[in-house]
1. Could you grab me the full set of residues in the stretch B:148-193 that are more than 25 Å from residue B:108 (Cβ to Cβ), free of Cβ contacts under 8 Å to residues at least 24 places away in the same chain and in a helix (DSSP H, G or I)?
2. Of the residues B:15, B:46, only one is exposed (fewer than 15 other Cβ atoms within 10 Å of the Cβ), within 23 Å of the chain's Cα centre (by Cα), on the phi < 0 side of the Ramachandran plot and not in a loop (DSSP other than H, G, I, E, B); which?
3. Residues in the stretch A:220-229: is at least one touching a strand residue (DSSP E or B) at 6+ places or on another chain (Cβ under 6 Å), modelled with pLDDT of 95 or more and within 14 Å of chain B (Cβ to nearest Cβ)?
4. If residue B:206 satisfies every condition in (1) touching a helix residue (DSSP H, G or I) at 6+ places or on another chain (Cβ under 6 Å); (2) more than 30 Å from residue A:107 (Cβ to Cβ) but one, which is the exception?
5. Quick one: residue B:122 ticks every box in (1) under 20 Å from the mean Cα position of the chain (by Cα); (2) within 14 Å of chain A (Cβ to nearest Cβ); (3) within 27 Å of residue A:104 (Cα to Cα) except a single one, so which number is it?
6. Just checking, how many residues over the stretch B:126-147 are surrounded by fewer than 24 Cβ atoms within 10 Å (Cβ to Cβ) and free of Cβ contacts under 8 Å to residues at least 60 places away in the same chain?
7. Here are the criteria: (1) more than 14 Å from chain B (Cβ to nearest Cβ); (2) over 16 Å from the mean Cα position of the chain (by Cα); (3) surrounded by fewer than 21 Cβ atoms within 10 Å (Cβ to Cβ); (4) part of a helix (DSSP H, G or I). Tell me which single one residue A:97 does not satisfy.
8. Among (1) in a loop (DSSP other than H, G, I, E, B); (2) more than 8 Å from chain B (Cβ to nearest Cβ), there is one condition residue A:103 misses while meeting the rest; what is its number?
């Protein structure tokens, strides 16, 4: 497996692959790889000739006061995990090369980029789209892989690709969960053991909702009320939002259908976690 | 010369060229080709194996009340001119395919995109950057050509390419002028014969400024005051702005240097025209 640190070397490697008519799969990550990331890499390995895992903690997607500085970083562990999952290349650019100080160009998605996660974290998706657009321009992938756990991010990236005609196919891979149901996330590392137990409230409230819907409930309000009171019972949790939305544009729906998505964001202590269930 | 109307066919053509290791030059235009555009095509012909001229009147770069509807269009004339100048391909997409109604992703350049032209025309450069980014993603050019007449646009595109790591070289080609000095522009067509004469005020005020600077004037204020009174004398003109700026970021400079650029925008009757002189 190769470690590539510069944009120039990454471009050369991709150009060579393209000349040999090889397909490139990109798994963009911020490192701190867990089984969720590994499932993306496995999928890329199955689909593509060359698998590139990018590791870069993108400062543009963190707001002032968020966890940019303390975000967990362990390149050696990540490198080994990426290799074991089948990566051919780890693209590990230096922040100062890929996010230059005088950079003033941004890619943003209106509407969908401003609600739910975009409301709580105003410039978050602009930072995500800008860096993912840059990665697409440097790595030139045929396919890029994103996790369903970050459902709104995946949908926004799909929107960006369609609107800007990026020649990239987006594949969204199912959420990987711990045995007890907690969605895998690099931020789970922040949780104390008490908080780790409390964090299950996200998964369990989603399960509650799904059970109600299976039993015939069609009204979003009723399901959401139930989820809210469920979360309230967990002393260490503070609900940020809960919603039932159209999975294509994240607009809230009042009547639940097969294309609906239930989304939740909670703080557990100081750690902000998100999760979602597709109803398909 | 080929006429390509769909994104898919354009992509295929570019892919084929790349596989044969041919370089692609792109000249993005809104049609209504004049000698300014032809000089871009000639330059692309000299530099590249495959010359693509895109013709597309981009609704995103016009504000409400601007001249989108009446903007001159004559595809047959443009096609012949592009061919005579050496184009291999005219990419002529349908507006509804390249600017879809539900499109909500934008590329914007802060700072430089909000001053001068960006102040008078608030979403103009966002529209330009978004469509040029799309064209880069579809045509996949090695080099793209822009005219010095739209100096701020060219500089903003260079900024975008650098910030988003587009793998495209930007070449800026000198302004082509009518015999009497008027910068070529599709909008010159709007001018009555009286206005056509009055329009010379842009070029002449730039000449006045250059003469003052050659004679040793270093203070922007003095030169700009002189330009303002020069423009005032022309009854049919209404000054929008005049400025002396750093040619790399369009910030106003108080002391004139070799890297300064003098910019001017005027209304002549209802027609808005721009021009500039580099001092290098």
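The values are calculated or read from the model by the stated rules, or taken from the named source; none is laboratory data. Just so we're clear, the structure is a prediction, and the values are computed from it rather than from any experiment. All Cβ positions, glycine included, derive from the backbone under ideal geometry; neighbour counts span all protein chains shown.
1. Correct list: B:193 only.
2. Working: B:15 fails: within 23 Å of the chain's Cα centre (by Cα).
Going through B:15, B:46 in turn, the sole match is B:46.
3. no
4. All conditions pass for residue B:206, except number (1).
5. For residue B:122, the failing item is (2).
6. Total meeting the criteria: 1.
7. For residue A:97, the failing item is (1).
8. The failed condition is (2).
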